[in-house]
Amino acid sequence: DTAVSQTPKYLVTQMGNDKSIKCEQNLGHDTMYWYKQDSKKFLKIMFSYNNKELIINETVPNRFSPKSPDKAHLNLHINSLELGDSAVYFCASSLRDKEEAFFGQGTRLTVV
Amino acid sequence: AQKVTQAQTEISVVEKEDVTLDCVYETRDTTYYLFWYKQPPSGELVFLIRRNSFDEQNEISGRYSWNFQKSTSSFNFTITASQVVDSAVYFCALSFPWGDKLIFGTGTRLQVFP
């Protein structure tokens, strides 16, 4: 039973394309996140949602649009992909007052 | 400022050696949480431990132990008798009640050689 699952695991695409990454959690958590890990392994929050409502948008370009259809899903859509978007994107979830987050396996996005 | 510093970029040890990974955090808040995560070569992020600021008791879990010292703002992680399977990048992180995000350090890459 996968707790936090994201698809696809790998994504290779050309500059200018639009792509989506899907995330689902079956832990009953009320808060979901997207983190970006760059080539130097630095991990940074992008978005967090609590009960489908956006809580944090950490100065992410508006080409990135998260969507949370329900508490168990948080998808990430990226428009007009750029070379600098190449990174590993991690979805995570937690119970808001518990704070410990469980992460998906990551999606390695390569923009060529 | 809220910040996590992991000054050790990379550590190499030989199997069975003990190794300590350092983590220093900065915050003016009195209530906060500290975490360690492991990222093995396969890439996933694995939760290891969570500590809240009111609990300075050290913790031991098998070969892993954590030393939390508020006086020095440190939350260090020791692996005893390291094994090759411990090879990974280890991240220390900080968060706050209702803070809605983890603030990560830059990670320490641990390589354990046979």
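Here, each number is a calculation from the coordinates, and none is a lab measurement. Only a predicted model underlies this, so the values are computations on that prediction, with no experimental measurement involved. Methodologically, a virtual Cβ is constructed for each residue, glycine included, from the backbone with ideal geometry; neighbour enumeration extends over all protein chains shown.
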For this session: Could you work out the mean count of beta carbons from other protein chains within 10 Å of each residue's beta carbon in B:41-51?
Result: 4
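Take every residue in peptide B:30-37, count the Cβ atoms of other chains within 10 Å of its Cβ, and give the average of those counts. Display every interim value, and only then the final one.
Details: counts 0, 0, 1, 3, 0, 3, 0, 4.
Per-residue shielding by partner chains comes out at 1.
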Problem set entry | Other protein chain Cβ atoms within 10 Å, averaged over every residue that makes up B:100-111 | 5
Problem set entry | Among A:Lys40, A:Lys71, A:Lys19, residue whose mean-square fluctuation peaks in a GNM of chain A (springs only between Cα atoms under 10 Å) | A:Lys40
Problem set entry | Low-density loop cleavage sites - trypsin sites (Lys or Arg not before Pro) in the range B:1-58, where at most 16 other Cβ are within 10 Å (DSSP) | B:Lys16, B:Arg28
Problem set entry | Listed residue pairs exceeding 23 Å between alpha carbons, taken from A:Lys44/B:Lys38; A:Lys40/B:Lys16; A:Lys44/B:Lys70; A:Lys52/B:Lys38; A:Lys52/B:Lys3 | A:Lys40/B:Lys16; A:Lys44/B:Lys70; A:Lys52/B:Lys38; A:Lys52/B:Lys3
Problem set entry | Calculated P(r) of the protein assembly as shown - Cα pairs past 27 Å, % | 34 percent
Seminar exercise, completed: Cβ-Cβ cut-off under 13 Å around A:Gly16, Lys and Arg +1, Asp and Glu -1: the net charge is -1
Exercise. Between B:Asp100, B:Asp22, B:Asp55, which gets the highest mean-square fluctuation from a Gaussian network model of chain B, Cα cutoff 10 Å?
Worked result: B:Asp100
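For the range B:1-42, run through the GluC sites (Glu not before Pro) and keep only the ones in DSSP coil with at most 16 other Cβ atoms within 10 Å of their Cβ. All intermediate terms of the calculation are to be shown ahead of the outcome.
Details: sites: B:Glu10, B:Glu15, B:Glu17, B:Glu26; in loops: B:Glu15, B:Glu17.
Here the GluC sites (Glu not before Pro) that fit, given the DSSP loop and packing criteria, are B:Glu15, B:Glu17.
Using the Cα gyration tensor of chain A, with a ≥ b ≥ c the square roots of its eigenvalues, what is the shape: rounded (a/c below 1.5), prolate (a/b larger than b/c) or oblate (neither)? Walk me through the numbers before you get to the answer.
Details: a/c = 1.75, a/b = 1.62, b/c = 1.08.
In terms of gyration-tensor shape, prolate.
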Seminar exercise, completed: The rounded separation in angstrom of the Cα centers of the range A:24-72 and the range B:1-75 is 24 Å
For this session: Under 1.5 on a/c is rounded, so check that first for the range B:1-94, then, if it is not, pick prolate when a/b is larger than b/c and oblate when it is not; a ≥ b ≥ c are the square roots of the alpha carbon gyration tensor eigenvalues.
Result: prolate
Problem set entry | Among B:63-75, A:23-35, the order from most to least packed when residues are scored by Cβ within 10 Å on average | A:23-35, B:63-75
